[in-house]
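The values are calculated or read from the model by the stated rules, or taken from the named source; none is laboratory data. Nothing here was measured: the structure is a model prediction, and the numbers come from that model. Positions of Cβ are generated from backbone atoms using ideal geometry, with glycine treated the same way; all protein chains shown enter the neighbour counts.
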Amino acid sequence: MNHKGTKTLETERLFLRPFTSEDAEPMFYNWASDPEVTKYLTWPAYTGMEDARKITALWAEENKDLRKYQWAIVPKELAEPIGSISAKIDDRTDSATIGYCIGRRFWGQGITTEALQGVMKFFFDEVGANCVNACHDPRNPGSGRVMQKCGMTYEGTWRAGGVNNQGVCDECWYSILKDEYRRKQHPGAIWDRLYEAALAVQGSRRVSSYVEAGGVAAALLTKSGHVYTGVCVDTCSTLGICAERNAIFHMLTSGEQEIEKILAIMPDGQTGAPCGACRELMVQLMPKHYREIEVMLDYERKRIVTLGELTPEWWIQGEGGY
């Protein structure tokens, strides 16, 4: 990675800048002295201004180290820090582990999400990180929602994996890879890639007196970023298969199972919705997350819906159902 240190970053509402020794007082009063803010953190609430003076002086000194990242979260309209966001670096894996906190009166305004998005962009676009990750105590779900809103994927819970002010705790881990981040930032380019992949295999052809293939072609994108294609096979009996299911079987044969996006090109060149059988297969394949699968209905107008919108209620109650 090409480390740049804690350079000032700007988002729509915020400046993320290095700490200075003058930030001790707003740090103490805006968040560091509040036990509710530090409840699930690894350091206790400050009881005196001296604690804030020591840490801000240390961070100001560490600004000289290009491998140290510790930002003050400063709303443009307020012009003083209301929280902090930092990163621990692992050069072996080109990864950055993010930690953050803000004052209680600023909760629920999307500020932490905006700060994390700014830091993610910096690490992927400028530092060259391959992975940004973070974790939270499951008793603090608000922190997890920040990670989800920033496009991170839930990796799992490390039971009794950490220690915070509540003692030994579980840790819910989330991460996002550079390629995933790129796809989420430029969704149109991903759909273009899927359309071109499907178009490349489309081509109606008679295989025998009883079988035709290729009139409809499909392409899907997995969570790992791989693209799989398939074409429809039409027979004179019930042995045929839709293009979408053929693409899904191609994916399963390759050892993957998590669909992110899917597109099918009809014989007239237009895109359309998967049939009921294809929807049912995707629901059964991903019962907990099928609602998140994106489906391209109209490529020309870029009309995209989720499988959850196409299939609002599943017939199986319980897991993934209604």
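The residue pairs whose first member lies in the range 140-157 and is within 21 Å of Arg183 (Cβ to Cβ), whose second member is of a type in the set (Phe, Trp, Tyr) and modelled with pLDDT under 95, and whose beta carbons are closer than 9 Å, counting only pairs six or more residues apart or on different chains, are Met147/Tyr154; Gln148/Tyr154; Gly151/Tyr181.
Can you tell me which residue among Gly276, Gly240 is small (Gly, Ala, Ser) and out of contact with any strand residue (DSSP E or B) (no Cβ under 7 Å at 6 or more places or on another chain)? Spell out the reasoning first.
Working: Gly240 fails: out of contact with any strand residue (DSSP E or B) (no Cβ under 7 Å at 6 or more places or on another chain).
Only one candidate qualifies: Gly276.
Meeting the requirement of 1 or more residues that are of a type in the set (D, E, K, R) and assigned by TED's automatic domain parsing to the domain that holds Gln166, the strands (runs of 3 or more DSSP E) wholly within the range 1-104 are 14-18, 83-90. I'd like to know if the range 71-78 contains one or more residues that are surrounded by 15 or more Cβ atoms within 10 Å (Cβ to Cβ) and of a type in the set (D, E, K, R). No, because not a single residue in the range 71-78 is surrounded by 15 or more Cβ atoms within 10 Å (Cβ to Cβ) and of a type in the set (D, E, K, R). Apart from one condition, Lys302 fits all of (1) in contact with a helix residue (DSSP H, G or I) (Cβ under 6 Å, 6 or more places away or on another chain); (2) exposed (fewer than 13 other Cβ atoms within 10 Å of the Cβ); the exception is (1). The single condition among (1) touching a helix residue (DSSP H, G or I) at 6+ places or on another chain (Cβ under 9 Å); (2) part of a loop (DSSP other than H, G, I, E, B); (3) closer than 17 Å to Tyr228 by Cα that Ile262 does not satisfy is (2). For Lys76, which of the numbered conditions (1) closer than 30 Å to Gly128 by Cβ; (2) in contact (Cβ under 8 Å) with a residue 60 or more places away in the chain; (3) touching a helix residue (DSSP H, G or I) at 6+ places or on another chain (Cβ under 9 Å) fails to hold? Of (1) closer than 30 Å to Gly128 by Cβ; (2) in contact (Cβ under 8 Å) with a residue 60 or more places away in the chain; (3) touching a helix residue (DSSP H, G or I) at 6+ places or on another chain (Cβ under 9 Å), only one is false for Lys76: (3). Does Gly108 fit the bill of being surrounded by fewer than 18 Cβ atoms within 10 Å (Cβ to Cβ), at pLDDT below 95, closer than 23 Å to Val146 by Cα and within 29 Å of the chain's Cα centre (by Cα)? It is true that Gly108 is surrounded by fewer than 18 Cβ atoms within 10 Å (Cβ to Cβ), at pLDDT below 95, closer than 23 Å to Val146 by Cα and within 29 Å of the chain's Cα centre (by Cα). Looking only at the range 179-190, decide whether some residue is in contact with a helix residue (DSSP H, G or I) (Cβ under 9 Å, 6 or more places away or on another chain), of a type in the set (S, T, N, Q) and more than 27 Å from Gln284 (Cα to Cα). Checked the range 179-190: at least one residue is in contact with a helix residue (DSSP H, G or I) (Cβ under 9 Å, 6 or more places away or on another chain), of a type in the set (S, T, N, Q) and more than 27 Å from Gln284 (Cα to Cα).
The set of residues in the range 114-144 that are assigned to a helix (DSSP H, G or I) and either under 11 Å from Ile85 (Cβ atoms) or among the small types (Gly, Ala, Ser) (or both) comprises Glu114, Ala115, Leu116, Gln117, Gly118, Val119, Met120, Phe122, Gly142, Ser143, Gly144. Screening Arg159 with (1) part of a loop (DSSP other than H, G, I, E, B); (2) loosely packed, with under 13 Cβ neighbours inside 10 Å gives one miss only, at (1).
Only one of the listed residues (Arg13, Arg17) is touching a residue at least 40 places away in the same chain (Cβ under 8 Å), under 25 Å from the mean Cα position of the chain (by Cα) and under 20 Å from Ala87 (Cα atoms). That residue is Arg17.
How many residues are assigned to a loop (DSSP other than H, G, I, E, B) and surrounded by fewer than 15 Cβ atoms within 10 Å (Cβ to Cβ) when one looks only at the range 172-217? Write out each step before concluding.
Step one: of the range 172-217, the residues assigned to a loop (DSSP other than H, G, I, E, B) are 186, 202-204, 207-210.
Imposing the further condition that a residue be surrounded by fewer than 15 Cβ atoms within 10 Å (Cβ to Cβ) reduces the set to 186, 203-204, 207-210.
Residues meeting the conditions: 7.
Go through the range 20-33 and give me each residue that's touching a residue at least 40 places away in the same chain (Cβ under 8 Å), more than 30 Å from the chain's Cα centre (by Cα) and surrounded by 17 or more Cβ atoms within 10 Å (Cβ to Cβ). Show your work before the answer.
Our first condition is that a residue be touching a residue at least 40 places away in the same chain (Cβ under 8 Å); within the range 20-33, this holds for 20, 23, 26-27, 30-31.
Imposing the further condition that a residue be more than 30 Å from the chain's Cα centre (by Cα) reduces the set to 20, 23, 26.
Correct list: Asp23, Pro26.
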